[in-house]
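Worksheet: one structure, shown below.
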Amino acid sequence: FEYTKTTFKKFKPKGFHKTFYNILNLFAHGKIKNLITSMPPQHGKSEGATRRLFSFIAGLRPDTKMALVCYSATKAENSDGSMKFVGVGGPLTGDPVDVLGMDDLYKDWKEANSPLVQENVWDWYIAVADSRLHNDSQQLITFTRWSDNDLIAKLIQKGLVVLYDGSESLDDVISNLRDDQFLMINFPALKVGDPN
């Protein structure tokens with residue numbers, strides 16, 4: 001949070017940003033192995049989870065091999081730091097990846113709801129991205145949920161996602177995660193119900 005406030009002068013945090021950045025900080029320090037964050041467009045998810053987080057990790061752990069995947073390679077290249085940038089469907093050949101970030105794998109609602117694109121993203125994730133990971137690799141998935149059949153939905157169907165809703169201690173939830181599970185935090189566009 002402090003790193004972003006210092007390096008991004010236009011940053012105007014709201015209440016949920018403190019929670020968001022606290023969770024990103026836990027990921028950066030390796031306390032969360034696999035993380036999914038979702039929130040609406042224009043709420044700072046890519047600024048925090050991609051541009052700031054990956055440069056922050058590079059400062060903490062300079063030898064970390066990182067890769068960032070977006071719906072296109074040029075979108076991925078808008079991040080800071082020294083790392084590999086790939087579009088969905090692109091190669092991730094070479095060295096294993098220590099931290100894999102996936103940000104906006106679907107360009108828009110139309111792509112996210114296309115059965116062909118959904119299948120291509122899943123196939124690419126299984127055949128290419130997952131094959132670059134080792135036992136200690138971290139994964140971060142962050143995007144707007146445009147579809148109930150996206151990559152996150154497939155991981156949920158496979159029992160690999162634990163949704164954190166604030167009703168339990170975050171430390172307890174993290175400590176009970178299996179190595180293959182993702183902690184998921186969802187920041188909805190419109191909050192209904194009590195604050196959490």
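For Val192 and Thr7, a Förster radius of 41 Å and the Cβ-Cβ distance give a FRET efficiency of 0.75, rounded to the nearest 0.05.
Please give the FRET efficiency for Lys110 paired with Asp130, using the beta carbon to beta carbon distance and R0 = 30 Å, rounded to the nearest 0.05. Intermediate values should be presented prior to the final figure.
Values: r = 26 Å, r/R0 = 0.87.
Here the calculated transfer efficiency is 0.70.
When the chain is treated as a GNM with alpha-carbon contacts under 10 Å, the residue of Gly48, Gly30, Gly166 showing the greatest mean-square fluctuation is Gly166. Calculated FRET efficiency, Asn120 to Lys31, Cβ-Cβ distance, R0 = 25 Å: about 0.15 to the nearest 0.05. Global size of the stretch 1-40: 10.9, 30 Å for Rg and Dmax (C-alpha atoms, Rg to one decimal, Dmax whole).
Put a plus charge on the Cβ of each Lys and Arg, a minus charge on the Cβ of each Asp and Glu, and nothing anywhere else: the dipole of the stretch 1-56 about its Cα centre is then about 140 debye. Under the convention that each Lys and Arg Cβ holds +1 and each Asp and Glu Cβ holds -1, the size of the dipole of the chain around its Cα centre is about 720 debye. Using the alpha carbons alone, the radius of gyration of the stretch 123-167 stands to its Kirkwood radius in an Rg to Rh ratio of 0.99.
Determine the per residue accessible area of the chain with all protein chains present and a 1.4 angstrom probe, expressed in square angstrom. Walk me through the numbers on the way to the answer.
Working: 10240 Å² over 196 residues.
Ligands and nucleic acids excluded, the result is 52 Å² per residue.
Taking label positions 7 Å along the Cα-Cβ direction at both Asn149 and Asp171, the computed distance is 4.3 nm, reported to one decimal.
Mean-square fluctuations from a GNM of the chain, with a 10 angstrom spring cutoff on Cα atoms, peak among Asn22, Asn135, Asn149 at Asn135.
Contact order normalised by length for the chain, with contacts defined as Cα pairs under 8 Å and 6 or more residues apart; what percent is it? Spell out each step's value before the answer.
Working: 286 pairs, mean separation 50.9, N = 196.
The normalised contact order for the chain reaches 26 percent.
When you work out D = kT/(6 pi eta Rh) for the chain at 25 °C and 0.890 mPa s, using the Kirkwood radius from C-alpha pairs as Rh and the Stokes-Einstein form, the result is 144 µm²/s.
Using a 1.4 Å probe on the protein chains only, how many percent of the accessible area of the chain belongs to carbon and sulfur?
50 percent
Counting only Cα atoms, the stretch 99-196 measures 38, 36, 21 Å along its principal axes, largest extent leading.
The values are calculated or read from the model by the stated rules, or taken from the named source; none is laboratory data. Remember, predicted model here, so these are calculated numbers, not experimental data. All Cβ positions, even for glycine, are placed from backbone atoms using ideal geometry, and neighbour counts span all protein chains on display. All accessible areas refer to the heavy atoms of the entire protein, side chains included, with ligands and DNA or RNA removed. Shrake-Rupley method; radii C 1.70, N 1.55, O 1.52, S 1.80 Å.
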